[in-house]
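Report on the following structure.
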Amino acid sequence: MIAVAENKYGKSRVRLVKVERKDGWHELREWTIAVLLQGDFASCFVEGDNCKILPTDTMKNTVYSLARDSSAACLEDFAKELVEFFLQHNPQVSEVEVGISEKAWEHLQCGGQPQPTTFIQASREIQTTNVARTQKGDLCVSSGFEDLVVMKTSGSAFEGYIQDSLTTLPPARDRLLGSAVSAHWRYAPTLVDFGPLRAKAREILLTAFAGHESKSVQHTLYAMGKSVLEQLPEVEDIELTMPNKHCLLVDLSPFGQDNPNEIFVPVDEPHGNIQARLRRQG
C-alpha cells in the first residue's frame, strides 16, 4: 500500500495593495502573500474526495476580505490574523503557514517636504515575514529582508587566502565591498512589537556593516549577525546571505595613467555567495 507521508497545499503570489486614508495623509502598502495548509487531506490524494479541501481561490478571497477590516500595522500582524482565521474556521487543518513580502513604498519628497498622497520606490529591498502555527501550538515568526544593496569604499580587505596554480585574484588591502544583503531572523515565542524590532534589527545590521574593519565578507557577515544577537534578546537566531557585488580595478597603465583605487568596472556574474546562520550558545 502506498501512503501519503506529508502534504501541503495553498495559494501563492496573492498580490495586495492597501491604501490607508487618514485626513489628507495616505499610507501605501504592497504585499505578496502565500498561504499553505497542512492537515488531514490524504483522502483527496488517494480517493479523489475533496470534502476536506478549502479551495485555494477561497484562500485568495480570504486575504482580501480580512485586509478590508484589518488594523494590522505591519506584515507580521496581518500574517498572524490570516493564520488564526484559517485555523479557527478549518478544524481539519493541523498547521497554517503564511508568508508575506513587502515592496518599499515611500512618500515622495518635493522641496524637502513629503507629499501626502504620492509615493516612490526608492529601493529594490523587499521586507519579508513567515508566520506559522499548529492548532494547539505557539506562533513561530521569522522576519527579515532581501536584496538590500550596500557598498563601502574603505575598511575592506581580502588577504591570506589559499593560492594555488589556478589562483589569479591578487590580495587586496583596500577594496570596495558591496553586497545585496538578505537577512532572516527568528523571534522568540514571546509578545513582540514587530514593527519597531524590524527597524531596529535593520539599523543594527547596517551600522555593523558600515563600521566593521572587514578582512572578508565572512568576517563582516559574522560581525553583523553577532551585533543583532547581542542587542536584541527577542531574536533567537539569524541567517544572512551576502553575495559579492564585485567592482574590479581597471588597469589604466596602457593609457599612461595611474589608478589610485578610483576607477572600477562592476561585474555581476559570476559572484561569490556567502551564507551563515548564527545563534547563541550556552
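The values are calculated or read from the model by the stated rules, or taken from the named source; none is laboratory data. Keep in mind that this is a model prediction, so the values were computed, not measured. We place every Cβ from the backbone using ideal geometry, glycine too, and count neighbours over all the protein chains shown. Surface accessibility is based on the protein's heavy atoms, side chains included, excluding ligands, DNA and RNA. Shrake-Rupley method; radii C 1.70, N 1.55, O 1.52, S 1.80 Å.
The table below lists the values:
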read-out	value
Qualifying positions in segment 109-138 - in contact with a strand residue (DSSP E or B) (Cβ under 6 Å, 6 or more places away or on another chain), among the hydrophobic types (A, V, I, L, M, F, W, C) and open to solvent by 50 Å² or more (accessible area, probe 1.4 Å)	120, 122
First in segment 76-105 and under 21 Å from residue 9 (Cβ atoms), second anywhere and of a type in the set (Asp, Glu) and assigned to a loop (DSSP other than H, G, I, E, B), Cβ under 8 Å, 6 or more apart	92/40; 94/40
Residues being assigned to a strand (DSSP E or B), open to solvent by 60 Å² or more (accessible area, probe 1.4 Å) and either charged (D, E, K, R) or in contact with a Cys (Cβ under 9 Å, 6 or more places away or on another chain) (or both) - total across segment 1-16	2
Pick from segment 230-279, criterion of a type in the set (S, T, N, Q) and open to solvent by less than 70 Å² (accessible area, probe 1.4 Å), ranking: farthest from the chain's Cα centre (by Cα)	259
Residue in segment 205-216 that is closer than 25 Å to residue 123 by Cβ, without any contact (Cβ under 8 Å) to a residue 60 or more places away in the chain and in contact with a His (Cβ under 9 Å, 6 or more places away or on another chain) present	yes
Segment 1-32: number of residues that are among the charged types (D, E, K, R) and on the phi > 0 side of the Ramachandran plot	2
Residues located in segment 116-133, provided they are over 14 Å from residue 79 (Cα atoms), part of a strand (DSSP E or B) and touching a residue at least 12 places away in the same chain (Cβ under 8 Å)	116, 117, 119, 120, 126
Test: residue in segment 69-76 that is open to solvent by 70 Å² or more (accessible area, probe 1.4 Å), of a type outside the set (Asp, Glu) and over 29 Å from residue 21 (Cα atoms)	no
